[in-house]
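Read the structure below first, then the notes.
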Amino acid sequence: MKLDERHLIQLAAVVQAGGVTEGAALLGLTQPAVSRTLAMLEKRLGEPLFVKGRRPLQPTPLGRALADHGQAMLVAARKASSLVDGFRHGRTGVVRVGGTPFFMDALISGMIAEFQNATPDVRIEQSYGYLPDLRAAIDADRIDLAICPIDVLDEGSGMRFQELLPGRNVVACRVTHPLLLRRKLAPAELLDYPWIAPPSGSPLFADLHSLVLSLGATEAKIRYSGGSLVSAINYLKASDALTILPHSVVFAYRNDKSITALPVNIPHPERALGLLRRTEEIRVPAVEAFCAHIRKSFEDLRHLIKRHEQAVIWSL
């Protein structure tokens, strides 16, 4: 015998509420409509669903068993409605984001935590990569968006890029580095110290090579390479080594008071950190909400980073 799921849901509501009027109100239906449903169901079953003369209504064993099934359907329906509502408003779903390691570790990971504090039912799947890999991942629908530095985005790429922060690299060192004691720092003195190489294939690695060439040399004294951002910072703090970092990453460690930047301009291409996404894509509210949060977070950071750059780096 096939039963109408809506009838079981109405039965469950009546049993839960203890009365037809109350059960109808629970579902947003009228009392006569629910009464007709129960009468139709009893006629179809050939069995009573409630014990006669009992108030509040008491279900028969068959009525209770069917109401249990209806209750499960009612709960599932409410969860489905809540899921749809949450999805539409960006409160549920999955966001797949990729990005360059140092920016993700120093800046974006904290922003992700803040986003999930407000939207705990959105799951974030994060991955690492540099621009070629990130573009390929977006094209293959392995990630929804990337947060990375870009200098030029080819026309016709099928991608759109929204700037979050202008790019500026600095030479980073520990706060007690001997070069910070120089009244006037000669750029060539940078070659007198060991260097931490940025990750191979990263824009920072290319920028280090450009810096060395601009100083009239062919290579720097690389003493350490292949480490993560945390390992590079820890190495800096314990040595007189230098490395190239985005200024925003140095800014992120400002409260640690262990690393800073040398007051020297270094050459690098015009580059900006931003959001990279497909030009045409299916709108996913959770992704839109996440992007809005990242944009707002960087709006708040922009002026602080600029002031830090002027006060800490170029005031020396």
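Observations on the structure shown:
- Any hit, region 241-254, residues being surrounded by 20 or more Cβ atoms within 10 Å (Cβ to Cβ), touching a Lys or Arg at 6+ places or on another chain (Cβ under 9 Å) and aliphatic (A, V, I, L, M): yes
- Among the conditions (1) surrounded by 19 or more Cβ atoms within 10 Å (Cβ to Cβ); (2) not in a helix (DSSP H, G or I), the only one that Ile294 does not satisfy is (2).
- Candidates Val51, Val14, Val20, filtered to the one that is open to solvent by less than 70 Å² (accessible area, probe 1.4 Å), within 44 Å of the chain's Cα centre (by Cα) and among the β-branched types (Val, Ile, Thr): Val14
- Tally of residues being touching a residue at least 24 places away in the same chain (Cβ under 8 Å), under 24 Å from the mean Cα position of the chain (by Cα) and assigned to a helix (DSSP H, G or I) across region 235-260: 7
- Every condition in (1) of a type in the set (A, V, I, L, M, F, W, C); (2) open to solvent by less than 20 Å² (accessible area, probe 1.4 Å); (3) closer than 30 Å to Ala197 by Cα is met by Val95 except one, and the failing one is (3).
- Residue that is open to solvent by less than 80 Å² (accessible area, probe 1.4 Å), in a helix (DSSP H, G or I) and either more than 25 Å from Ile143 (Cα to Cα) or without any contact (Cβ under 8 Å) to a residue 12 or more places away in the chain (or both), where the choices are Ala232, Ala217: Ala232
- Among the residues of region 261-282, those identified as in contact (Cβ under 8 Å) with a residue 40 or more places away in the chain and β-branched (Val, Ile, Thr) are Val264, Ile266, Thr279.
- Yes/no for Asp192 being of a type in the set (Asp, Glu) and buried (at least 16 other Cβ atoms within 10 Å of the Cβ): no
- So His293, is it farther than 25 Å from Thr176 by Cβ and modelled with pLDDT of 90 or more: yes
- Taken over region 151-181, the criterion of being touching a Lys or Arg at 6+ places or on another chain (Cβ under 7 Å), at pLDDT 90 or above and either surrounded by fewer than 12 Cβ atoms within 10 Å (Cβ to Cβ) or more than 20 Å from Ser202 (Cβ to Cβ) (or both) is satisfied by Arg160, Arg174, Val175.
- For region 171-220, a tally of residues being touching a helix residue (DSSP H, G or I) at 6+ places or on another chain (Cβ under 8 Å), farther than 20 Å from Phe251 by Cβ and among the basic types (Lys, Arg) returns 1.
- Any hit, region 104-119, residues being in a helix (DSSP H, G or I), closer than 25 Å to Glu281 by Cα and touching a strand residue (DSSP E or B) at 6+ places or on another chain (Cβ under 6 Å): yes
- Residue within region 203-214 that is in contact (Cβ under 8 Å) with a residue 24 or more places away in the chain and assigned to a loop (DSSP other than H, G, I, E, B) present: no
- Scanning region 31-47 for residues that are surrounded by fewer than 19 Cβ atoms within 10 Å (Cβ to Cβ) and out of contact with any helix residue (DSSP H, G or I) (no Cβ under 6 Å at 6 or more places or on another chain) gives Pro32, Ala33, Arg36, Ala39, Met40, Glu42, Lys43, Arg44, Leu45, Gly46.
- Single residue of region 122-148 satisfying the filter (open to solvent by 20 Å² or more (accessible area, probe 1.4 Å) and either of a type in the set (A, V, I, L, M, F, W, C) or in contact with a Gly (Cβ under 6 Å, 6 or more places away or on another chain) (or both)) that is nearest to Val249 (Cα to Cα): Tyr130
- Gly86 satisfies every condition listed in (1) in contact (Cβ under 8 Å) with a residue 24 or more places away in the chain; (2) touching a Leu at 6+ places or on another chain (Cβ under 8 Å); (3) of a type outside the set (Asp, Glu) except (2).
The values are calculated or read from the model by the stated rules, or taken from the named source; none is laboratory data. No experiment lies behind these values; they were computed from the predicted model shown. No Cβ is skipped: glycine too gets one built from the backbone with ideal geometry, and neighbour counts run over all protein chains shown. These area figures cover heavy atoms from the full protein model, side chains too; ligands, DNA and RNA do not enter into them. Shrake-Rupley method; radii C 1.70, N 1.55, O 1.52, S 1.80 Å.
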